[in-house]
Amino acid sequence: MELTNTVENSEDIRSRPGKPYPLGATWDGEGVNFALFSEHATGVTLCLFDAEDPTRETQQIPLIERTEHIWHIYLEAIQPGQLYGYRVDGPFEPARGFLFNPKKLLLDPYAKGISGPIDSHIAQLGFNPDNQDEDRYSKPQEDDSAPYVPKSIVIDPNFDWEDDQRPDIPLNRTIMYELHVKGFTKLHPDLPEKIRGTYAGLGSPEAVNYLKSLGVTTVELMPVHQFTSESYWGYNSIGYFAPHSEYASKGEMGHAVNEFKAMVKALHKAGIEVVLDVVYNHTAEGNHNGPTLSFRGIDNPAYYWLVEGNELYYMDYTGTGNTFNMSHPRTLQLVMDSLRYWVTEMHVDGFRFDLATALAHSLNAAGQLSAFLDTIQQDPVLSQVKLIAEPWDIQSYHVGNFPVNWSEWNGKYRDCVRGFWKGDEGLAPEIATRIMGSPDLYDDGRQPSNSINLITAHDGFTLNDLVSYNDKHNEANGENNQDGANDNRSWNMGVEGPTDDEEIIRAREQQKRNFLATLLLSQGTPMLVMGDECSRTQQGNNNAYAQDNEIAWFNWQWTADQQALFDFTRQLTELRQQYPLLRRRKFYSPEEAVWLRNDGKPMKEKNWHDGITRCLGVLIDGTKVDEQDENGDPIGEGRFLLIFNAFWESVPFKLPKVGRKHTWTVLINTDLDAKVPYDVSARDPFELKGRSLVLLKM
C-alpha cells in the first residue's frame with residue numbers, strides 16, 4: 001500500500017454529506033466516507049493528522065450530517081495513509097455514564113489500521129489522578145491527549161489474493177496449534193532479523209514448512225486485534241478491525257493489513273487454516289480509572305455494561321474492569337461487522353472467543369443471549385466458519401452448554417487427563433468418557449470434534465513445566481508470585497525444576513509422551529500449544545502474560561531429547577490423519593468400542609467404581625462401524641486397542657484374540673525403550689510398562 005501526503009490546506013478539501021454506511025473510513029478511489037456512531041453526542045469533529053509528524057493536527061472538520069445516530073461526511077481527495085481521529089462532545093455526567101470530553105482524541109472503532117503502539121499516558125485519563133477528592137471523577141481532565149495516542153488510518157482495501165481458497169478442513173480432521181505471532185518466530189535463526197516476530201515471519205516458508213511438517217492443520221493465533229502495550233499476550237483489545245501494528249515488519253502506517261493478508265495467503269497455500277483468538281468481552285479501557293481511548297469517549301453507555309443506579313462504575317464479568325455491552329444493537333453490530341470483516345476481507349477461517357461466558361452473563365441479564373447466538377447462527381458468512389468458545393469466566397463454568405454449531409475448549413478434559421496421569425484415584429470412569437469425545441457434554445446434536453481437547457494452553461504451565469514443577473514460579477511477573485492459578489494438577493517427579501537426575505529426566509520424557517499420545521489419540525479435536533512438541537519451558541511461570549522475552553518466546557535451538565519429542569509428536573499427527581477410526585465424526589457406541597480390564601475382559605461396574613483402577617484399555621472394532629468419510633469411503637478399517645497404565649509399576653495386559661487372528665502391531669508406545677512398529681502375539685500377556693500408553697492395531 002503506497003502512502004500519500006495528508007492534505008494541508010482546508011481549501012483543498014471539498015466535502016459532501018456522505019453516507020451513514022458503511023461505518024468507519026471507506027476509500028472509494030476518489031475520496032473517503034467517514035461514519036461514526038454516537039447516540040448521545042452533541043457534536044463530533046473529524047481530526048486529520050500529518051503522516052510525517054503524527055502529533056501535528058492539520059485539520060478539524062465538524063460533522064454536521066447525522067442519520068440514525070451516525071455522524072458522517074465524505075471528503076474528496078483524501079487518500080489511503082491519511083491519519084485521523086475523532087473528538088466527541090456531549091454531557092460530562094459520570095453518574096449517568098456520560099464521559100464526553102473533546103480534549104480526548106479517540107480511535108475510530110471501525111479503524112482498519114492504527115498507526116502505532118498504544119502506550120499509557122496521563123493525558124489519556126478522563127480525570128486528574130492527582131486529585132484525591134471524593135468528587136474527582138465529576139471533573140473532566142483538560143489535557144489534550146492527541147499527541148499521546150496513535151491515530152486511525154485510512155486503508156486501501158485492494159490486495160491480490162490470487163486464487164486463495166479457504167482450506168475448509170472438517171473438524172474431525174483438524175489438529176489445532178495455539179501460537180503467539182511474535183513469540184513463535186522472534187528467535188528463529190534462519191529468518192532475517194527484520195521479519196522475526198511478525199506476520200511476515202509467520203508467513204515465511206521456514207515457519208510454514210515447520211507447521212506443515214508437524215502435521216497441524218489449523219493455527220489459532222493469540223490476539224492480533226490492535227491492543228495496548230502493557231500486555232504481551234494481547235488480551236486487551238482496542239481496535240477490532242485493525243491487525244496489531246507492532247507485528248508488522250514494514251512499519252506502523254497501515255502496512256500490517258497487507259502483511260497479515262500475505263501471511264494468511266501463504267498459510268492457505270500450504271493447506272493450513274487461520275483461527276483468531278478474539279476478545280469481545282471487554283476492552284483495554286478498563287474500569288472508571290482507565291484511559292479514554294475510543295468507546296468510552298464516543299458513547300460510554302452504549303458500548304459498556306454499567307452498574308445500574310451508579311453508571312460511573314462498570315459491570316466486570318471478566319476481571320479486567322469492564323464488560324462490553326452486547327445488548328446494545330450498535331455494539332452487537334460492531335462485533336458482527338468485525339467478525340465478518342476478518343472472514344471476508346482478511347480471509348480467516350474461524351474464531352476462538354475469549355471468556356465467552358462473560359458475553360453470556362451480560363446478555364442473559366438483558367434477556368438477549370439467544371439474540372447474539374442466533375445472529376451468528378443465521379449469518380451466511382459466520383455460520384460457515386469455525387466457532388470456538390472458551391466456556392468460562394471469573395464467575396462460572398459452562399462447558400458443554402453452547403449451541404450445536406459451537407465447539408468449546410474442554411477444561412474438563414484437561415483437568416481429568418492431568419489428574420489421571422499424575423496418579424489421582426477414582427478417575428477411570430471420567431478418563432474413559434473424555435477419551436471418547438465427552439459424550440456427556442456434546443451428545444446433543446454435536447459431534448466428538450466439538451470438544452476442543454487440550455492439556456495445556458497459553459495460560460498455565462507448558463507441557464514441559466507440567467511435569468517439572470509442583471508449584472508456579474511467577475516471580476518475574478512482579479506480583480510476588482500471587483498471580484496465576486494455584487491448582488495446576490502438575491507433578492515434578494521428585495525435583496522442582498531442572499535436574500541432572502537421569503531417572504527423573506527419563507520419567508519426565510515418558511510422561512510428556514503420555515500426555516501427547518492421549519491428546520492426539522482421543523476422540524475430539526486436539527489442540528497443541530506452541531512449543532509443547534519440543535519441550536518449551538517458561539521456567540515454571542504459569543502466567544507469562546507480560547513476559548515479552550525469552551521466557552515466553554519459542555526457542556529454536558533444540559537438544560536431542562527435544563528433537564526426539566518433536567518426532568514422536570509428528571508420528572502421532574500422521575497416525576491420526578491416516579486412520580479415521582481415531583478421529584470419528586460420530587460417537588462410538590458400546591458395541592463399537594469396548595473398555596477392557598488388564599485381564600482382557602470387559603470392565604464391570606465395580607471396576608469403574610474401584611478408586612485404584614489406573615490401568616484400562618479400549619478396543620475399537622472397525623468391523624462394527626458403519627460410517628463413511630467425506631469422500632464416501634467406509635472408515636471401518638481394522639481394529640485398534642488403546643491401553644493406559646497410570647500405575648507406577650508394569651502391568652501384564654491380556655490382548656484380545658479375534659477368531660484365528662492373534663497378532664497385533666504396536667504403533668505407539670510411550671516407553672522410551674520401545675522401537676515401533678513391532679508385532680506382538682495375543683497368546684502372551686503384553687507387559688505394559690509403568691506410566692505408559694500403547695496403541696496397537698490388528
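The values are calculated or read from the model by the stated rules, or taken from the named source; none is laboratory data. From a predicted model like this one, the values you see are computed outputs, not experimental measurements. No Cβ is skipped: glycine too gets one built from the backbone with ideal geometry, and neighbour counts run over all protein chains shown. Areas reflect the complete protein model, heavy atoms only, side chains present, ligands, DNA and RNA absent. Shrake-Rupley method; radii C 1.70, N 1.55, O 1.52, S 1.80 Å.
Yes or no, residue by residue, for (1) open to solvent by 40 Å² or more (accessible area, probe 1.4 Å); (2) under 20 Å from Q59 (Cα atoms):
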residue: G97; (1), (2): no, no
residue: L105; (1), (2): no, yes
residue: D119; (1), (2): yes, no
residue: D130; (1), (2): yes, no
residue: E134; (1), (2): yes, no
residue: Y137; (1), (2): no, no
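Put simply, of A356, A365, A371 the only residue that is in contact with a Pro (Cβ under 7 Å, 6 or more places away or on another chain), farther than 27 Å from Y588 by Cβ and either at pLDDT below 90 or open to solvent by 40 Å² or more (accessible area, probe 1.4 Å) (or both) is A356.
Consider segment 495-520. How many of its residues are at positive phi and in contact with a helix residue (DSSP H, G or I) (Cβ under 6 Å, 6 or more places away or on another chain)?
Total meeting the criteria: 0.
Take the residues of segment 64-83 that are in a loop (DSSP other than H, G, I, E, B) and more than 19 Å from G254 (Cα to Cα): which is most open to solvent (accessible area, probe 1.4 Å)? Across segment 64-83, the extreme among qualifying residues is I64. Exactly one residue among Y110, Y86 is assigned to a loop (DSSP other than H, G, I, E, B), crowded, with 17+ Cβ neighbours inside 10 Å and not acidic (D, E), and that residue is Y110. If you check R597, R614, R570 for being open to solvent by 20 Å² or more (accessible area, probe 1.4 Å) and free of Cβ contacts under 8 Å to residues at least 24 places away in the same chain, only one passes: R597. Counting just the residues of segment 517-538 that are in contact with a strand residue (DSSP E or B) (Cβ under 8 Å, 6 or more places away or on another chain) and in a helix (DSSP H, G or I), which one comes out nearest to A457 (Cα to Cα)? Checked segment 517-538; the qualifying residue nearest to A457 (Cα to Cα) is L519. When the test is whether a residue is among the aromatic types (F, W, Y), under 25 Å from the mean Cα position of the chain (by Cα), outside any helix (DSSP H, G or I) and more than 15 Å from Q226 (Cα to Cα), Y317 passes it.
The set of residues from segment 468-488 being loosely packed, with under 15 Cβ neighbours inside 10 Å and within 27 Å of I504 (Cβ to Cβ) comprises N470, D471, E475, A485, N486, D487.
The C-beta contact set for segment 440-460 (first residue surrounded by fewer than 20 Cβ atoms within 10 Å (Cβ to Cβ), second residue outside any loop (DSSP other than H, G, I, E, B) and modelled with pLDDT of 95 or more, distance under 7 angstrom, 6+ apart or interchain) comprises D440/T433; A457/E178; A457/V529. Contact annotation: residue pairs with Cβ atoms under 6 Å, 6 or more positions apart or on different chains, pairing a residue in segment 325-336 that is over 13 Å from F37 (Cα atoms) with a partner that is open to solvent by less than 10 Å² (accessible area, probe 1.4 Å) and in a loop (DSSP other than H, G, I, E, B), are V335/Y280. Candidates R584, R576: the one that is surrounded by 15 or more Cβ atoms within 10 Å (Cβ to Cβ) and closer than 30 Å to N492 by Cβ is R576.
If you go through segment 251-274 and keep only what is farther than 23 Å from T26 by Cα and basic (K, R), you end up with K265, K269.
D465 meets all of the listed conditions (1) open to solvent by less than 10 Å² (accessible area, probe 1.4 Å); (2) in contact with a Cys (Cβ under 6 Å, 6 or more places away or on another chain); (3) of a type in the set (D, E) but one, namely (2). The residues listed here are L202, L187, L214; of these, the one that is touching a residue at least 60 places away in the same chain (Cβ under 8 Å) and open to solvent by 10 Å² or more (accessible area, probe 1.4 Å) is L187.
Within segment 405-431, the residues that satisfy the criterion of being open to solvent by 10 Å² or more (accessible area, probe 1.4 Å) and under 20 Å from K606 (Cβ atoms) are D424, E425, G426, L427, P429, E430. Looking only at segment 123-151, residues that are closer than 18 Å to L106 by Cα and not acidic (D, E) come to 14 in all.
The single condition among (1) touching a residue at least 40 places away in the same chain (Cβ under 8 Å); (2) within 16 Å of L575 (Cβ to Cβ); (3) open to solvent by 30 Å² or more (accessible area, probe 1.4 Å); (4) touching a Pro at 6+ places or on another chain (Cβ under 8 Å) that T665 does not meet is (1). When each of E687, E637 is tested for being within 16 Å of N598 (Cβ to Cβ) and open to solvent by 90 Å² or more (accessible area, probe 1.4 Å), the lone residue that passes is E687. Listed conditions (1) open to solvent by 40 Å² or more (accessible area, probe 1.4 Å); (2) not in a helix (DSSP H, G or I) are all met by N541, apart from (1). The residues listed here are V208, V278, V264, V274; of these, the one that is surrounded by 22 or more Cβ atoms within 10 Å (Cβ to Cβ) and more than 27 Å from A546 (Cβ to Cβ) is V264. Only one entry in D621, D629, D633 is acidic (D, E) and in contact with a strand residue (DSSP E or B) (Cβ under 7 Å, 6 or more places away or on another chain), namely D621. Before we move on, is K654 under 22 Å from P429 (Cβ atoms) and open to solvent by 10 Å² or more (accessible area, probe 1.4 Å)? Yes.
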